[in-house]
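The values are calculated or read from the model by the stated rules, or taken from the named source; none is laboratory data. Just so you know, these numbers come straight off a predicted model, no measurement behind them. Here the Cβ is made from the backbone with ideal geometry for all residues, glycine too, and neighbour counts use every protein chain on show.
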Amino acid sequence: MKNQSSNVVLVRCEHYRPAELQAAVEKGIELLGGIGQFASDGEKILLKPNILSGESPDKNISPHPEVFRAVAKAFKATGAELNYGDSPGFGSPEANAKRGGFHQVAQEEGVSSANFTDARELNYPEGKVIKKFSIAEGVCQSDGLISISKFKTHALTRITGAIKNQFGCIPGPRKAEFHSVMPTVALFSQMLVDLNRLLKPRLYIMDGVVAMEGNGPRNGTAKQMNVLLFSTDPVALDTTVCHLIGLDPRLVEPLVLGEEDGLGTMSNIEYLGVPLESFIAPDFDVNRSPQKTTTDTSFLSTSFMRRFTAPRPTINPDLCTKCGRCVEVCPAQPKALSWTGEGKTNPPVYDYAKCIRCYCCQEMCPFEAIYVRVPFLGRLVRS
(Lines give C-alpha, C1' and ligand atoms only; values in the text may rest on other atoms or scores of the structure.)
Protein backbone atom coordinates (compact mmCIF):
# COMPACT_ATOMS: atom_id res chain seq x y z
CA MET A 1 0.00 0.00 0.00
CA LYS A 2 2.98 2.32 -0.36
CA ASN A 3 1.41 4.12 -3.29
CA GLN A 4 -2.18 3.94 -2.08
CA SER A 5 -3.62 6.75 -0.02
CA SER A 6 -5.28 6.05 3.34
CA ASN A 7 -7.53 8.33 5.34
CA VAL A 8 -7.06 9.03 9.03
CA VAL A 9 -9.74 11.04 10.82
CA LEU A 10 -8.91 13.17 13.85
CA VAL A 11 -11.81 14.42 15.98
CA ARG A 12 -11.38 16.72 18.96
CA CYS A 13 -12.82 15.35 22.20
CA GLU A 14 -11.66 16.78 25.51
CA HIS A 15 -13.71 14.77 28.00
CA TYR A 16 -15.23 11.36 28.53
CA ARG A 17 -18.72 12.79 28.87
CA PRO A 18 -21.13 10.47 27.02
CA ALA A 19 -22.81 13.07 24.85
CA GLU A 20 -19.51 14.58 23.71
CA LEU A 21 -18.04 11.14 23.01
CA GLN A 22 -21.09 10.01 21.08
CA ALA A 23 -20.98 13.02 18.82
CA ALA A 24 -17.23 12.61 18.27
CA VAL A 25 -17.47 8.88 17.46
CA GLU A 26 -20.34 9.38 15.04
CA LYS A 27 -18.52 12.26 13.34
CA GLY A 28 -15.34 10.22 12.94
CA ILE A 29 -17.18 7.27 11.41
CA GLU A 30 -19.19 9.56 9.13
CA LEU A 31 -16.01 11.15 7.76
CA LEU A 32 -14.83 7.67 6.75
CA GLY A 33 -18.00 7.06 4.75
CA GLY A 34 -20.62 6.28 7.37
CA ILE A 35 -21.49 3.39 9.65
CA GLY A 36 -22.96 1.43 6.75
CA GLN A 37 -19.43 0.92 5.43
CA PHE A 38 -18.57 -1.23 8.44
CA ALA A 39 -21.64 -3.23 9.45
CA SER A 40 -25.08 -4.21 8.24
CA ASP A 41 -28.29 -5.62 9.63
CA GLY A 42 -27.92 -9.16 11.00
CA GLU A 43 -24.13 -9.35 10.91
CA LYS A 44 -22.17 -10.50 13.96
CA ILE A 45 -19.82 -7.64 14.80
CA LEU A 46 -17.10 -8.02 17.42
CA LEU A 47 -15.98 -4.93 19.33
CA LYS A 48 -12.41 -5.55 20.45
CA PRO A 49 -11.22 -3.05 23.11
CA ASN A 50 -7.72 -3.34 24.53
CA ILE A 51 -8.45 -4.57 28.08
CA LEU A 52 -4.88 -5.09 29.21
CA SER A 53 -5.44 -5.72 32.89
CA GLY A 54 -8.92 -4.65 33.89
CA GLU A 55 -7.93 -1.56 35.85
CA SER A 56 -10.31 1.29 36.67
CA PRO A 57 -10.80 3.84 33.87
CA ASP A 58 -8.89 6.57 35.72
CA LYS A 59 -5.67 4.56 35.24
CA ASN A 60 -5.88 5.22 31.46
CA ILE A 61 -4.60 1.75 30.64
CA SER A 62 -7.49 0.77 28.37
CA PRO A 63 -9.84 2.71 26.12
CA HIS A 64 -12.35 4.41 28.37
CA PRO A 65 -15.55 2.36 28.82
CA GLU A 66 -17.53 5.39 27.65
CA VAL A 67 -15.64 5.28 24.35
CA PHE A 68 -16.64 1.63 24.13
CA ARG A 69 -20.24 2.64 24.84
CA ALA A 70 -20.23 5.30 22.13
CA VAL A 71 -18.90 2.82 19.57
CA ALA A 72 -21.48 0.23 20.63
CA LYS A 73 -24.33 2.73 20.28
CA ALA A 74 -23.14 3.72 16.82
CA PHE A 75 -23.03 0.10 15.63
CA LYS A 76 -26.34 -0.84 17.27
CA ALA A 77 -27.99 1.52 14.81
CA THR A 78 -27.00 -0.82 11.96
CA GLY A 79 -29.04 -3.71 13.31
CA ALA A 80 -25.91 -5.80 13.73
CA GLU A 81 -25.57 -8.34 16.54
CA LEU A 82 -22.82 -7.00 18.79
CA ASN A 83 -20.33 -8.94 20.87
CA TYR A 84 -17.19 -7.81 22.65
CA GLY A 85 -14.08 -9.30 24.17
CA ASP A 86 -10.33 -9.31 24.66
CA SER A 87 -7.72 -11.65 26.06
CA PRO A 88 -5.88 -9.77 28.83
CA GLY A 89 -2.29 -10.27 29.83
CA PHE A 90 -3.26 -11.80 33.17
CA GLY A 91 -6.44 -13.25 34.63
CA SER A 92 -9.71 -14.22 32.97
CA PRO A 93 -11.35 -12.13 30.24
CA GLU A 94 -14.57 -11.90 32.27
CA ALA A 95 -12.93 -10.69 35.48
CA ASN A 96 -10.85 -8.06 33.70
CA ALA A 97 -13.87 -6.79 31.75
CA LYS A 98 -15.78 -6.36 35.00
CA ARG A 99 -12.97 -4.55 36.80
CA GLY A 100 -12.38 -2.28 33.81
CA GLY A 101 -16.02 -1.21 33.52
CA PHE A 102 -16.65 -2.87 30.15
CA HIS A 103 -18.97 -5.57 31.45
CA GLN A 104 -21.40 -3.07 32.95
CA VAL A 105 -21.47 -0.94 29.81
CA ALA A 106 -21.97 -4.04 27.66
CA GLN A 107 -24.93 -5.15 29.77
CA GLU A 108 -26.49 -1.71 29.59
CA GLU A 109 -26.09 -1.55 25.80
CA GLY A 110 -27.10 -5.13 25.04
CA VAL A 111 -23.64 -6.24 23.88
CA SER A 112 -22.91 -9.93 24.51
CA SER A 113 -19.64 -11.28 25.85
CA ALA A 114 -17.69 -13.26 23.25
CA ASN A 115 -15.72 -16.41 23.99
CA PHE A 116 -12.08 -15.37 24.45
CA THR A 117 -11.11 -18.46 26.46
CA ASP A 118 -11.34 -21.17 23.83
CA ALA A 119 -9.34 -21.05 20.62
CA ARG A 120 -9.54 -22.26 17.07
CA GLU A 121 -6.52 -23.01 14.89
CA LEU A 122 -6.52 -20.92 11.72
CA ASN A 123 -4.08 -21.62 8.92
CA TYR A 124 -2.42 -18.62 7.35
CA PRO A 125 0.01 -19.80 4.66
CA GLU A 126 0.69 -16.21 3.57
CA GLY A 127 2.27 -15.40 6.93
CA LYS A 128 5.95 -14.42 6.93
CA VAL A 129 6.74 -15.91 10.34
CA ILE A 130 3.49 -17.55 11.45
CA LYS A 131 1.58 -20.02 9.29
CA LYS A 132 -1.02 -20.96 11.89
CA PHE A 133 -2.62 -18.87 14.66
CA SER A 134 -4.68 -19.88 17.69
CA ILE A 135 -7.50 -17.35 17.57
CA ALA A 136 -10.21 -16.81 20.20
CA GLU A 137 -13.45 -18.57 19.30
CA GLY A 138 -15.37 -15.31 19.67
CA VAL A 139 -13.26 -13.75 16.93
CA CYS A 140 -13.73 -16.72 14.63
CA GLN A 141 -17.50 -16.61 15.06
CA SER A 142 -17.78 -12.94 14.09
CA ASP A 143 -18.42 -11.51 10.63
CA GLY A 144 -16.42 -8.37 11.28
CA LEU A 145 -13.97 -6.95 13.82
CA ILE A 146 -13.86 -3.38 15.14
CA SER A 147 -10.57 -2.62 16.88
CA ILE A 148 -10.68 -0.12 19.78
CA SER A 149 -7.20 0.73 21.05
CA LYS A 150 -5.56 3.16 23.47
CA PHE A 151 -2.99 5.85 22.62
CA LYS A 152 0.01 4.84 24.77
CA THR A 153 3.67 3.87 24.89
CA HIS A 154 5.16 0.38 24.96
CA ALA A 155 8.62 -0.85 25.98
CA LEU A 156 9.01 -3.32 23.12
CA THR A 157 7.34 -1.56 20.17
CA ARG A 158 7.65 2.06 21.47
CA ILE A 159 3.93 2.65 20.95
CA THR A 160 0.99 0.28 21.18
CA GLY A 161 -2.12 1.06 19.23
CA ALA A 162 -4.05 -0.07 16.20
CA ILE A 163 -1.72 -2.87 15.05
CA LYS A 164 -0.81 -4.39 18.40
CA ASN A 165 -4.39 -4.44 19.70
CA GLN A 166 -5.13 -7.59 17.69
CA PHE A 167 -2.60 -9.53 19.79
CA GLY A 168 -5.46 -9.75 22.28
CA CYS A 169 -7.34 -12.00 19.83
CA ILE A 170 -4.99 -14.79 20.90
CA PRO A 171 -6.14 -16.39 24.20
CA GLY A 172 -3.97 -15.52 27.19
CA PRO A 173 -1.65 -18.50 27.76
CA ARG A 174 -0.90 -18.80 24.07
CA LYS A 175 0.41 -15.24 23.83
CA ALA A 176 3.37 -16.15 26.02
CA GLU A 177 4.45 -18.72 23.45
CA PHE A 178 4.93 -15.99 20.84
CA HIS A 179 7.27 -14.06 23.09
CA SER A 180 9.32 -17.20 23.67
CA VAL A 181 9.75 -18.15 20.03
CA MET A 182 10.04 -14.55 18.76
CA PRO A 183 12.51 -12.91 21.13
CA THR A 184 13.37 -9.93 18.91
CA VAL A 185 11.25 -6.90 18.15
CA ALA A 186 11.58 -7.61 14.42
CA LEU A 187 10.16 -11.14 14.68
CA PHE A 188 7.44 -10.08 17.11
CA SER A 189 6.47 -7.15 14.88
CA GLN A 190 6.27 -9.36 11.81
CA MET A 191 3.97 -11.68 13.73
CA LEU A 192 1.69 -8.71 14.52
CA VAL A 193 1.60 -7.80 10.84
CA ASP A 194 0.77 -11.39 9.88
CA LEU A 195 -1.99 -11.42 12.51
CA ASN A 196 -3.59 -8.21 11.26
CA ARG A 197 -3.47 -9.40 7.67
CA LEU A 198 -5.25 -12.58 8.75
CA LEU A 199 -7.96 -10.93 10.87
CA LYS A 200 -8.56 -7.85 8.67
CA PRO A 201 -10.41 -5.58 11.14
CA ARG A 202 -12.93 -3.41 9.34
CA LEU A 203 -12.31 -0.28 11.39
CA TYR A 204 -9.66 0.93 13.81
CA ILE A 205 -10.61 3.46 16.50
CA MET A 206 -8.15 4.88 19.01
CA ASP A 207 -8.89 6.62 22.31
CA GLY A 208 -6.45 9.50 22.62
CA VAL A 209 -8.59 11.76 24.79
CA VAL A 210 -6.21 10.96 27.63
CA ALA A 211 -3.13 9.08 26.44
CA MET A 212 -0.35 7.34 28.38
CA GLU A 213 3.28 8.43 28.12
CA GLY A 214 6.45 7.22 29.80
CA ASN A 215 6.48 3.74 31.35
CA GLY A 216 3.60 2.29 29.31
CA PRO A 217 1.62 0.27 28.50
CA ARG A 218 0.43 -0.06 32.10
CA ASN A 219 2.46 2.09 34.45
CA GLY A 220 2.90 5.30 32.48
CA THR A 221 1.64 8.82 33.10
CA ALA A 222 -1.60 10.35 31.86
CA LYS A 223 -1.23 12.84 29.02
CA GLN A 224 -4.17 14.90 27.78
CA MET A 225 -4.24 14.69 23.97
CA ASN A 226 -7.93 15.51 23.32
CA VAL A 227 -8.27 13.37 20.20
CA LEU A 228 -10.10 10.34 18.86
CA LEU A 229 -8.59 8.73 15.76
CA PHE A 230 -10.31 6.62 13.10
CA SER A 231 -9.01 4.72 10.07
CA THR A 232 -9.37 1.55 8.03
CA ASP A 233 -5.56 1.42 7.85
CA PRO A 234 -3.72 0.50 11.08
CA VAL A 235 -0.31 1.47 9.70
CA ALA A 236 -1.56 4.94 8.80
CA LEU A 237 -3.26 5.36 12.16
CA ASP A 238 -0.21 4.36 14.21
CA THR A 239 2.01 6.47 11.94
CA THR A 240 -0.25 9.41 12.75
CA VAL A 241 0.35 8.79 16.45
CA CYS A 242 4.09 8.96 15.77
CA HIS A 243 3.68 12.30 14.01
CA LEU A 244 1.67 13.65 16.93
CA ILE A 245 4.34 12.80 19.50
CA GLY A 246 7.48 13.53 17.49
CA LEU A 247 8.53 9.88 17.08
CA ASP A 248 10.14 8.80 13.83
CA PRO A 249 7.74 6.12 12.55
CA ARG A 250 10.67 4.31 10.93
CA LEU A 251 11.76 3.34 14.45
CA VAL A 252 8.47 1.48 14.98
CA GLU A 253 9.04 -1.88 13.36
CA PRO A 254 5.39 -2.96 13.01
CA LEU A 255 4.90 0.11 10.81
CA VAL A 256 7.92 -0.52 8.60
CA LEU A 257 7.08 -4.19 8.17
CA GLY A 258 3.37 -3.45 7.82
CA GLU A 259 3.98 -1.11 4.89
CA GLU A 260 6.36 -3.59 3.26
CA ASP A 261 3.70 -6.33 3.46
CA GLY A 262 0.81 -4.21 2.22
CA LEU A 263 -1.00 -3.88 5.55
CA GLY A 264 -1.06 -0.10 5.18
CA THR A 265 0.89 3.02 4.36
CA MET A 266 3.25 5.22 6.34
CA SER A 267 3.85 7.80 3.64
CA ASN A 268 0.60 8.49 1.79
CA ILE A 269 -1.89 9.61 4.42
CA GLU A 270 -4.76 12.04 3.99
CA TYR A 271 -6.04 13.64 7.16
CA LEU A 272 -9.70 14.42 7.67
CA GLY A 273 -11.42 16.32 10.46
CA VAL A 274 -9.34 18.57 12.71
CA PRO A 275 -5.85 19.40 11.37
CA LEU A 276 -3.03 17.19 12.64
CA GLU A 277 -1.13 20.24 13.90
CA SER A 278 -3.84 20.90 16.50
CA PHE A 279 -2.80 17.89 18.56
CA ILE A 280 1.00 17.76 18.27
CA ALA A 281 2.76 17.16 21.61
CA PRO A 282 6.56 17.42 21.15
CA ASP A 283 7.11 16.91 24.88
CA PHE A 284 5.39 13.50 24.89
CA ASP A 285 7.55 11.05 26.87
CA VAL A 286 8.37 8.20 24.47
CA ASN A 287 11.49 6.26 23.53
CA ARG A 288 12.92 8.17 20.54
CA SER A 289 16.36 6.57 20.70
CA PRO A 290 17.57 4.93 17.47
CA GLN A 291 18.76 2.02 19.60
CA LYS A 292 16.69 -1.12 19.14
CA THR A 293 14.54 -2.26 22.06
CA THR A 294 16.01 -5.74 21.56
CA THR A 295 19.44 -6.73 20.32
CA ASP A 296 19.32 -8.70 17.10
CA THR A 297 22.12 -7.59 14.79
CA SER A 298 25.87 -8.10 14.29
CA PHE A 299 28.14 -9.20 17.11
CA LEU A 300 25.74 -7.71 19.66
CA SER A 301 23.33 -10.58 19.01
CA THR A 302 25.56 -13.12 20.76
CA SER A 303 24.16 -14.21 24.10
CA PHE A 304 27.12 -12.70 25.95
CA MET A 305 26.90 -9.28 24.32
CA ARG A 306 23.11 -9.31 24.46
CA ARG A 307 23.31 -9.78 28.21
CA PHE A 308 25.40 -6.64 28.70
CA THR A 309 24.18 -4.31 25.93
CA ALA A 310 20.46 -4.86 25.38
CA PRO A 311 17.85 -2.75 27.20
CA ARG A 312 16.72 -4.63 30.26
CA PRO A 313 13.76 -4.63 32.64
CA THR A 314 14.83 -3.49 36.08
CA ILE A 315 13.04 -3.75 39.42
CA ASN A 316 12.82 -0.76 41.74
CA PRO A 317 13.08 -2.42 45.18
CA ASP A 318 11.41 0.55 46.86
CA LEU A 319 8.23 -0.03 44.85
CA CYS A 320 8.27 -3.82 44.61
CA THR A 321 5.70 -5.53 46.87
CA LYS A 322 7.01 -9.07 46.16
CA CYS A 323 3.65 -10.05 44.69
CA GLY A 324 5.34 -12.37 42.19
CA ARG A 325 3.31 -11.29 39.15
CA CYS A 326 6.49 -10.73 37.13
CA VAL A 327 7.74 -14.26 37.84
CA GLU A 328 4.38 -15.72 36.93
CA VAL A 329 4.02 -13.96 33.56
CA CYS A 330 7.64 -14.42 32.41
CA PRO A 331 7.38 -16.54 29.22
CA ALA A 332 11.07 -17.48 29.05
CA GLN A 333 11.87 -21.15 29.62
CA PRO A 334 13.59 -21.46 31.99
CA LYS A 335 12.26 -18.29 33.56
CA ALA A 336 14.45 -15.22 33.63
CA LEU A 337 13.12 -14.22 37.07
CA SER A 338 13.39 -16.19 40.28
CA TRP A 339 13.21 -15.82 44.03
CA THR A 340 16.44 -16.00 46.02
CA GLY A 341 16.80 -17.24 49.54
CA GLU A 342 13.85 -18.47 51.55
CA GLY A 343 10.39 -17.05 51.01
CA LYS A 344 9.70 -13.74 49.29
CA THR A 345 11.66 -11.43 51.54
CA ASN A 346 13.45 -9.76 48.62
CA PRO A 347 12.36 -8.77 45.10
CA PRO A 348 12.82 -11.40 42.37
CA VAL A 349 16.20 -11.45 40.65
CA TYR A 350 16.78 -11.40 36.89
CA ASP A 351 19.07 -13.73 35.00
CA TYR A 352 19.64 -11.52 31.98
CA ALA A 353 21.26 -14.36 30.06
CA LYS A 354 17.80 -15.97 29.99
CA CYS A 355 15.80 -12.75 29.54
CA ILE A 356 14.28 -12.47 26.04
CA ARG A 357 13.43 -8.74 26.44
CA CYS A 358 9.71 -9.19 25.84
CA TYR A 359 9.02 -6.82 28.77
CA CYS A 360 5.96 -8.80 29.86
CA CYS A 361 7.11 -8.31 33.45
CA GLN A 362 7.24 -4.53 33.05
CA GLU A 363 3.91 -4.52 31.24
CA MET A 364 2.05 -6.55 33.85
CA CYS A 365 3.58 -5.19 37.08
CA PRO A 366 0.64 -3.76 39.05
CA PHE A 367 2.79 -1.46 41.20
CA GLU A 368 4.94 0.48 38.69
CA ALA A 369 8.01 -1.26 40.12
CA ILE A 370 9.61 -2.34 36.82
CA TYR A 371 11.13 -0.03 34.25
CA VAL A 372 13.40 -0.45 31.23
CA ARG A 373 16.97 0.83 31.24
CA VAL A 374 19.96 0.50 28.90
CA PRO A 375 23.16 -0.82 30.51
CA PHE A 376 26.24 1.39 30.39
CA LEU A 377 27.99 -0.87 27.87
CA GLY A 378 24.92 -0.76 25.66
CA ARG A 379 24.92 3.04 25.67
CA LEU A 380 28.66 3.09 25.02
CA VAL A 381 28.78 0.76 22.00
CA ARG A 382 25.85 2.55 20.32
CA SER A 383 26.92 6.12 20.99
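General remarks:
- Index of the failed condition, Pro183 passing every other in (1) at pLDDT below 95; (2) surrounded by fewer than 21 Cβ atoms within 10 Å (Cβ to Cβ); (3) touching a Ser or Thr at 6+ places or on another chain (Cβ under 6 Å): (3)
- Residue in region 18-30 that is within 28 Å of Asp261 (Cα to Cα) and either in contact (Cβ under 8 Å) with a residue 12 or more places away in the chain or surrounded by fewer than 14 Cβ atoms within 10 Å (Cβ to Cβ) (or both) present: yes
- Condition broken by Ser62, with the remaining ones in (1) at pLDDT below 95; (2) in contact with a strand residue (DSSP E or B) (Cβ under 9 Å, 6 or more places away or on another chain); (3) assigned to a loop (DSSP other than H, G, I, E, B) satisfied: (1)
- You will find that of Glu253, Glu277, Glu270, the residue that is over 30 Å from Glu126 (Cβ atoms) and charged (D, E, K, R) is Glu277 and no other.
- Some residue of region 348-355 being at pLDDT below 85, under 28 Å from Leu195 (Cβ atoms) and not assigned by TED's automatic domain parsing to the domain that holds Arg174: no
- For region 264-274, the condition of being closer than 22 Å to Asp194 by Cα and either at pLDDT below 95 or out of contact with any strand residue (DSSP E or B) (no Cβ under 9 Å at 6 or more places or on another chain) (or both) holds for at least one residue.
- Condition check for Asn60: under 17 Å from Leu237 (Cα atoms), among the polar types (S, T, N, Q) and touching a residue at least 60 places away in the same chain (Cβ under 8 Å): no
- Being in contact with a Leu (Cβ under 6 Å, 6 or more places away or on another chain) and either assigned to a strand (DSSP E or B) or surrounded by 21 or more Cβ atoms within 10 Å (Cβ to Cβ) (or both) is a property that Ile51 lacks.
- Scanning region 115-145 for residues that are closer than 26 Å to Lys59 by Cβ and in a strand (DSSP E or B) returns Ala136, Leu145.
- Selected residue (criterion: farthest from Gly216 (Cα to Cα)) from residues of region 146-169 that are touching a strand residue (DSSP E or B) at 6+ places or on another chain (Cβ under 6 Å) and part of a loop (DSSP other than H, G, I, E, B): Ala162
- Test result for Thr293, at pLDDT below 90, surrounded by 15 or more Cβ atoms within 10 Å (Cβ to Cβ), of a type in the set (Val, Ile, Thr) and touching a strand residue (DSSP E or B) at 6+ places or on another chain (Cβ under 8 Å): yes
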